[in-house]
1. From (1) in contact with a strand residue (DSSP E or B) (Cβ under 6 Å, 6 or more places away or on another chain); (2) under 18 Å from Ala419 (Cβ atoms); (3) among the polar types (S, T, N, Q), pick out the condition that doesn't hold for Gln318.
2. So, Thr444, is that one surrounded by fewer than 22 Cβ atoms within 10 Å (Cβ to Cβ), modelled with pLDDT of 95 or more and polar (S, T, N, Q) or not?
3. Write out, first by first residue and then by second, each pair whose Cβ atoms fall under 9 Å of each other, whose residues are 6+ apart or on separate chains, and whose first residue, in region 258-278, is farther than 11 Å from Met216 by Cα and in the same structural domain as Ile210 (by TED's automatic domain parsing) while the second is assigned to a loop (DSSP other than H, G, I, E, B) and of a type in the set (D, E, K, R).
4. For region 322-362, how many residues meet the condition of being within 25 Å of Val384 (Cβ to Cβ), β-branched (Val, Ile, Thr) and buried (at least 23 other Cβ atoms within 10 Å of the Cβ)?
5. Among the listed residues Ala106, Ala80, Ala67, which satisfies the condition of being touching a residue at least 60 places away in the same chain (Cβ under 8 Å) and either crowded, with 20+ Cβ neighbours inside 10 Å or within 15 Å of Ala148 (Cα to Cα) (or both)?
6. So, in region 134-167, how many residues would count as being part of a helix (DSSP H, G or I) and touching a residue at least 40 places away in the same chain (Cβ under 8 Å)?
7. Residue under question is Ala247, and the condition is that it be crowded, with 21+ Cβ neighbours inside 10 Å, outside the structural domain of Asp127 (by TED's automatic domain parsing) and within 23 Å of the chain's Cα centre (by Cα); does it hold?
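The values are calculated or read from the model by the stated rules, or taken from the named source; none is laboratory data. For clarity, every value in this text was computed on a predicted model and none was experimentally measured. Every residue, glycine as well, gets a Cβ built from its backbone with ideal geometry; the counts of neighbours run over all protein chains shown.
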Amino acid sequence: MPVTSPVPSSSSSDQTLLLPKASNQARGLARYALEFLRRSGGVGRRTLERVEQFHLDSVGCGVSSLALSANAPAVLRREAMATSPARGSRGAICFGASRPVAVEKAVAANASAVREWDSNGTNFGYDAARGRTAGEFGHNDFYPVAVAAAGEAGLDGDATLRLMLLIDEIRGRLAEVFALRRYSIDHVHHGAVACAAAYAAALGGTEDQIESAIGMVVAHYVPFRAIRAGHQLSDSKGASAALAAEAAVMSARRALAGFVGPPDVFRNPLAIYRLNEPCPEGESPFDLELGVAGDAFAIHSMHFKLGLYEHQSAGALQGVVDIFKKHPQLAGDLAGVRSLRVRIYEPAFSIIADPAKRTPSTRQSADHSLPYILARTLLKGSQVRGSQGAGDGKALGWEELMLLPADYDDDSLRDPAVADLIAKMEIVRGGPSYDRLYPEGIPTSLEVVHATLGTLDSGLVQYPLGHARSDAGRTAAVVNLKFERLVAGAVDDPQALRARMQVAGRTPAEIVELYGFPIHGCDRS
């Protein structure tokens with residue numbers, strides 16, 4: 001991709017573009033976004049298929065949260081449905097609605113629905129091959145921005161798919177070079193930068209306008225991890241991406257209308273980058289390398305969740321699956337469990353093994369509680385085995401143990417059997433030998449001491465199913481099953497919804513209406 005003065009650049013290959021730290025990277029992102037969307041080919045088939053997978057997964061999560069009346073998505077959807085598109089705007093459609101509303105409100109409502117269960121895709125900001133291993137988290141929360149922008153701009157499905165990829169690429173590459181969490185900033189900020197660039201570019205913004213949109217997001221709308229502090233988490237945790245996306249769209253629309261934001265914001269000494277990581281005058285703290293063609297995109301290092309759980313717990317869940325596979329009798333005799341010991345790495349130990357997480361009282365806290373997640377999964381295995389019959393020695397896998405919204409309802413949170421298992425758990429840091437394996441893997445081991453079965457050991461788990469380096473075919477099969485289970489009862493025909501969500505090949509009119517399918521329990525008008 002050619003990049004001309006005044007943005008210095010060099011390309012490490014014909015598939016990537018380098019925005020050096022000594023260049024105006026905000027303007028470089030603007031030019032990158034415009035050029036990427038102008039091209040009609042060059043992206044590898046595997047990459048586009050992976051975008052489709054992550055998007056479908058996100059839609060399943062969003063449909064489920066709305067059908068089950070999760071609070072934040074319901075509040076933001078009602079807020080959106082009370083609006084109309086701004087003058088000169090086509091607006092955008094909320095999940096399950098039949099008419100357009102204010103675009104930024106639809107984006108907030110839809111992104112909140114997608115993110116609410118904390119079950120959609122995840123990235124760990126890790127590219128060892130290029131030495132970019134800042135390890136910031138992130139999630140595939142922002143596809144509603146791409147759909148809204150495409151609807152306003154009259155883009156077809158193929159262009160919409162590129163727009164989705166553009167957002168994932170920018171936020172994914174930023175996560176590899178700048179760890180927001182070190183400065184108590186929430187990871188959704190990378191997504192907001194990506195959304196501002198992509199939305200403004202899709203609607204035909206100039207380089208100046210896109211740079212202004214990025215500058216406004218960075219200067220005015222930085223979300224702090226205060227939303228994740230405290231013993232019990234609130235709606236703010238799940239809705240953080242939604243509010244960041246809303247701010248990004250508002251910033252882009254203002255820039256397109258002529259508002260001028262701060263330029264060259266990555267090198268601004270008072271913006272979050274240089275302020276937190278001082279560096280020489282005229283530089284930002286990092287080079288930024290972005291995919292332009294083939295399969296050289298960050299999405300290939302992103303992971304799927306196989307149910308509702310914080311992804312940091314995936315290694316422990318794989319440990320449960322592996323122990324059940326070796327010792328199927330365990331599921332029929334949880335009463336014999338004397339103790340459970342989990343060894344895990346930092347930062348997982350601090351995030352999901354915090355002592356306060358041993359008694360979660362909200363779903364948002366429970367799905368970030370390793371003790372709760374493990375206890376609920378073990379009990380699910382026991383329930384499945386009980387329904388199969390004690391003599392059935394079939395191993396239990398992810399399909400049988402998948403955690404779903406019902407596993408976090410009030411009855412489940414108060415289940416004394418959960419508390420009993422949690423009381424038997426010890427979660428310890430694995431130390432340097434575990435820490436150095438993250439974020440390339442999710443290093444975890446599980447040891448269960450049982451009255452009659454003895455000591456059951458999972459061994460070290462690094463790449464649980466769903467991880468980017470796990471079995472892709474098996475992962476896809478379980479993710480597909482997850483979609484079916486999440487949307488069952490929420491729509492009339494899950495298979496028809498799956499077909500409708502195939503983005504490639506859609507006409508511009510179909511993209512406008514993409515999310516306008518009926519959802520049981522959701523007001524259409």
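1. Just one mismatch for Gln318, condition (2).
2. Details: surrounded by fewer than 22 Cβ atoms within 10 Å (Cβ to Cβ): no; modelled with pLDDT of 95 or more: yes; polar (S, T, N, Q): yes.
No.
3. Matching pairs, first to second residue: Phe266/Lys21; Arg267/Lys21; Arg267/Glu281; Arg267/Glu283; Pro269/Glu281; Arg274/Glu283.
4. Residues that pass the stated criteria total 3.
5. Values: Ala106 fails: touching a residue at least 60 places away in the same chain (Cβ under 8 Å); Ala80 fails: touching a residue at least 60 places away in the same chain (Cβ under 8 Å).
It is Ala67.
6. We begin by selecting, within region 134-167, every residue part of a helix (DSSP H, G or I); these are 143-153, 157-167.
From what is left, the residues that are touching a residue at least 40 places away in the same chain (Cβ under 8 Å) are 143-153, 157-166.
Qualifying residue count, region 134-167: 21.
7. Values: crowded, with 21+ Cβ neighbours inside 10 Å: yes; outside the structural domain of Asp127 (by TED's automatic domain parsing): no; within 23 Å of the chain's Cα centre (by Cα): yes.
So Ala247 does not fit the description; no.
Table: residues versus (1) buried (at least 16 other Cβ atoms within 10 Å of the Cβ); (2) within 19 Å of Val449 (Cα to Cα).
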{"residue": "His368", "(1), (2)": "yes, no"}
{"residue": "Leu374", "(1), (2)": "yes, yes"}
{"residue": "Trp398", "(1), (2)": "yes, no"}
{"residue": "Ala406", "(1), (2)": "no, no"}
{"residue": "Ser433", "(1), (2)": "no, no"}
